[in-house]
Every structure is written in C-alpha cells, then in structure tokens.
Amino acid sequence: MEISLALDRYDRHFPFFDGTVKPPPGLTLRTLQVGQSVALRDGRSRHERMLHHGEFDLCEFSMSTYLMAVDRGMAITALPVFPRRLFSAGLFYVLADSPIQTPADLVGRRVALSSFQTTLSLLAKGDLKFEYGVPWESITWLVTTREKVAFEPKAGVQIMPLPADADLGLLLQAGEVDAVIMPHPPHSIISGQVKARRLFPDAEGEELRYFRKYGYFPIMHILAIRQDLAEREPWLCEAMLEMFTQAKRICGEYYSDPNWSSLLWGRRQYERERQLLGADAWPIGLEENRANLERLVGYSLDQGLIRRNLAVEDLFPRSL
C-alpha cells in the first residue's frame, strides 16, 4: 500500500525525506515537500488542496482550519501529531519609532494578518484578549489571504481585505497599517528594509513566561488524514504515530554533533532550550496536548470561527 504524505522540510521531517524512518511491512510512503504557501496555478494552498480536493492522503495542516472543518462535519480527520508550533509574542511587529509600546496600544488600530483564521492569527487574537486584556474586537483586522473555510464574522468585527501581493512591511512604513502579526514576517521587515521592531522588547522572555505559565509551546499545525482512509485502514493511524515518534527521536540525535547546524552555537542553544523548557517541547499524543488544544478550541469559539464547543476526543479517530 502506498500513501502520500505532504510536509514542509523542517529538521523534524528530514527522516521522512531521507528514508531513515521505517514504515511497517507493506506500507510505502511517498513523501512530498509542499510548503504551506506552495500553490497550484489557480492559487490553492496546501491546506486547501487537502481540505477541498483530497489531494494528499496525509498532510501537515492548519490547526485552526481543522477545528473549523470538524465543526462543520467536513470529510477530514487528524492524528495528534503537531508538526509546527509558534508563540505569538515574538511575531507582533510595529515600526521602530511607533508610539505603540504595549498590547493595550493596539486598541482602535489597524493590524495586518495573513488570514483571520490562520492559526497564528487565532492564537494572537486570543492571547491579546485573555492574556493581555486587550479585546481583539476593538481592532480592525486587515487580511491578505482568502479564508480556507467560510465563516460569518461576529457582529461589529471589522475585517478588511488587502491585495494578496501586498507588502505588509511597506504598508507599515506608509502608515496604512499600525502592526503586523504574521507566521512568516515580510521580507521587507526581516531584511531591515523597513525599520521595524517587535512589540515585546524581550520577546524571548515573554515567550518563556508564557510557557512556564501554561506548560506548552503553542500548536500551529496538526497531521490531517483523509477520513475515508482512516476509517478503511484504522491500523494506519497507529503506524503513522509510530513513524512520527521515530522521526522525532532521529531528529533529536542530529544535535549530538555540535556542527550539525550552520548556526555556530546550535548545539548550545539546543542544550539551553532543554534546560529552560524541559526535555520535550514537541509532545505527540492527545493527553500531553490536551490543555493546548482546549485553549485553541476556546479561542476559536470566542472568535466565531467554530459554532459549538468541541471535546478534544472528537478531533481524532476513535481507533486511537
């Protein structure tokens, strides 16, 4: 049996691309490198290609969009594997000389996102409201990407489209937006072309505080699987969990070589993160991620993206 697996080429996924992960007998993996923004000629992203067209058997997939799909009974399910995680605090950008100094200063401002339902957008809006006491409803949201699942915004919420090719750094510089929150910050900001800064001066310290308070590194992506495949081949779900566990173990061994990474002090940073965050900031499984998942469900419900509360058990096949 051959199955297709669409992933981005993160270090934790190298073992799938170089064949060091061993599938069980009778299973062949066709691993495809498909970044989340890699699209077909008609503009469909990886997430759309999976959700609306079933183009892959398994796929690294937006956590936020997945919650919306489950809420609407769409033909997709997922495994408790979380290939991408981000904190929100380090991804708020404002101009270097902006008067915006704290999250509270964003009230009444225009803030640019990828899409309203992108998982980082979900997390950032939820953190603003529940962590920093800033109602996300008080902000005008400007978005560059079409929504993967249609939804009706809450009454009074301001969501305005921007051109898909808009350079958010240049819009920030021109004063057309007041802040940018993006999983991939614009090149014009990262390169220094636009003089911008992070809203939180000590973003790493803020993220560490968040981690110590909640005990997790926030989930961005989940491993989606075609629902018909999961129902027809329930053994495959367990097999995939085992393979991702293998890949995680193999990836951890890379850093035993202090020169494995082109980052000069990559090994020491690896050691430092383990000291600060514990041995495993990337847990696989439902129970280890329950609090994180429940928080995202709560954020999604509050933002009107899902219409009912979801139990985390309902997010995964019963065979697990």
Listed by first then second residue, the pairs whose first member lies in segment 123-152 and is over 23 Å from Arg84 (Cα atoms), whose partner is part of a strand (DSSP E or B) and of a type in the set (Lys, Arg), with beta carbons under 9 Å and at least 6 positions apart or on separate chains, are Ile139/Arg110; Thr140/Arg110; Trp141/Arg110; Leu142/Arg110
Selected residue (only one of Tyr270, Tyr299 is in a helix (DSSP H, G or I) and in contact with a helix residue (DSSP H, G or I) (Cβ under 7 Å, 6 or more places away or on another chain))
Tyr299
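Table: residues versus (1) assigned to a strand (DSSP E or B); (2) in contact with a Lys or Arg (Cβ under 6 Å, 6 or more places away or on another chain); (3) modelled with pLDDT of 95 or more; (4) not polar (S, T, N, Q).
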residue: Arg44; (1), (2), (3), (4): no, no, no, yes
residue: Glu48; (1), (2), (3), (4): no, yes, no, yes
residue: Phe56; (1), (2), (3), (4): no, no, yes, yes
residue: Cys59; (1), (2), (3), (4): yes, no, yes, yes
residue: Leu67; (1), (2), (3), (4): no, no, yes, yes
residue: Val70; (1), (2), (3), (4): no, no, yes, yes
residue: Val94; (1), (2), (3), (4): yes, no, yes, yes
residue: Pro99; (1), (2), (3), (4): no, no, yes, yes
Segment 302-319 residues that are assigned by TED's automatic domain parsing to the domain that holds Gly73, paired with ones that are of a type in the set (Lys, Arg) and part of a loop (DSSP other than H, G, I, E, B) (beta carbon under 8 Å, 6 or more apart):
Gln303/Lys154; Gly304/Lys154
The one condition Ile159 fails out of (1) of a type in the set (A, V, I, L, M, F, W, C); (2) surrounded by fewer than 20 Cβ atoms within 10 Å (Cβ to Cβ); (3) free of Cβ contacts under 8 Å to residues at least 40 places away in the same chain is (3)
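The values are calculated or read from the model by the stated rules, or taken from the named source; none is laboratory data. Everything numeric here is computed off the predicted structure, so don't read it as measured data. Using ideal geometry, Cβ is built from the backbone for each residue, glycine included, and neighbour counts are taken over all protein chains shown.
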